Amino acid sequence: MSILVNEQSKVLVQGITGREGMVRTRLMKDYGTNVRAGVTPGKGGQEVYGVPVFDSVKQAREECGDFDISVVFVPAFLVKDAALEAFDAGVKLAVLIPDRVPINDVLELARVSKQEGARFVGPNTLGLVSPGKAVLGMIGGRAESAREWFRPGSIGVSSRSGGMTSAISYYLTQAGLGQSTIIHVGGDAVVGLSHPEVLLLFEEDSETEVMVMFGEIGTTQEERVADLVSGGRIRKPIVAYIGGKAAKSGTRFSHAGAIVEGSRGSHESKVELLREAGVHVVDVISDIPKKAGQLLKERGEKR
């Protein structure tokens, strides 16, 4: 199985006629994602790689029916309005690609999405992929690469680093280990679906056997995962790597969401809490496929 998206999911692209929107629509379409329509105000009546373009989400819904997911490629200052328009039209998952979205806008989206029973990934995300089924966003770059790098399987991947999202999945694939769904949760300090929420979804997925988490300094996402494991809400094995070991207090590591403030969000606190909870924290990236493969074998033997 997969979480959040599969081959039947009906996908809308907001900002489809922009440069990124067009390029990534081609990626998604070529991979097999069920992209039904696009929206760019004032550009209704056009087509992008065979996908009809409408002036509003409401108009797209009237012509093409309901959508499950919207992938948003509009400028950062328009992301909130685009996502709210999608939620208002009944879309239950928005994937927010742009970076530098104002934090107050993200907080407003979190409030409204909760009211609407909706969710969002990002902002500042490459997106997600369910191998062999669908790509959302720009993960993989091209359909050919996405097919080569990712393969269907039973390992769920959640990452805070865009580059490492693809790299870890590629390493797993090279080791003969397939993935159920791969998600870049986003690099900002405040995001929609964070590690804890994503791993809870993997916990509920009957075909995800092992989870891999790429964490970083900053925020409390990894500490909250440790709490879920300690509390028994997550029982499936997790392999984790935490980046930023050398960073000192006040140092920003890679992007906005990775900054140490005192001991909160530090590498040491995350590793300590995760290991105490029973998470398999590795010290080098190359050990992720080794440990994941070992855990898969052990789960198979227990059954």
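Each value in this text was obtained by applying a stated rule to the coordinates, not by laboratory testing. Just so it is clear, the model here is predicted, and its values are computed rather than measured. Here the Cβ positions follow ideal geometry from the backbone for every residue, glycine too, while neighbour counts run over all protein chains shown.
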How many Å³ per residue does the convex hull of the Cα positions in segment 150-303 occupy? 97 Å³
Share of antiparallel DSSP beta bridges in the chain, in percent to the nearest 5? 20 percent
Size-normalised alpha-carbon gyration radius of the chain, reference 2.2 N^0.38 Å: 0.97
Please give the calculated 222 nm ellipticity per residue for the chain, where each DSSP H segment of at least 4 residues contributes -39500 (n - 2.57) and the sum is spread over every residue; nearest 500 deg cm²/dmol? -11500 deg cm²/dmol
Amide H neighbours of E216 under 5 Å, at least 5 residues apart or on other chains, H built in the peptide plane: list them. G243
To the nearest 20 debye, what is the magnitude of the charge dipole of segment 96-221 about its Cα centre, counting +1 on the Cβ of each Lys and Arg and -1 on the Cβ of each Asp and Glu? 260 debye
Between the Cα axis of helix 79-88 and the main Cα principal axis of the chain, the angle (0 to 90°, nearest 10) is 80 degrees
5 Å is the cut-off here: which amide hydrogens, built 1.01 Å from N in the peptide plane, fall below it relative to A94, excluding neighbours closer than 5 in sequence? S70, R119, F120, V121
Ranked by how many other beta carbons lie within 10 Å on average, peptides 31-39, 165-173 from highest: 31-39, 165-173
Hey, rough spin-label estimate for N6 and E268, points 7 angstrom out along Cα→Cβ, what's it come to in nanometres? 4.6 nm
Using only alpha carbons, build the gyration tensor for segment 1-125 and give me the equivalent ellipsoid semi-axes, biggest first, whole Å. 20, 16, 14
Karplus ³J(HN,Hα) for segment 190-207 (6.51 cos²θ - 1.76 cosθ + 1.60, θ = phi - 60°; Hz, whole; x = Gly/Pro) runs 10, 10, x, 7, 9, 3, x, 5, 5, 5, 5, 5, 5, 4, 7, 7, 5, 9
On a 0 to 90 degree scale, rounded to 10, what angle separates helix 103-116 from the longest Cα axis of the chain? 80 degrees
FRET efficiency, 1/(1 + (r/R0)^6) with R0 22 Å, evaluated for Q174 and R275 via beta carbons: 0.25
Tell me, in nm to one decimal, what length is gained between K114 and E144 on full extension, where the rule is 0.36 nm per residue of separation less the Cα-Cα distance? 7.2 nm
Taking the Cα centre of each part, how many Å lie between segment 20-81 and segment 151-219? 26 Å
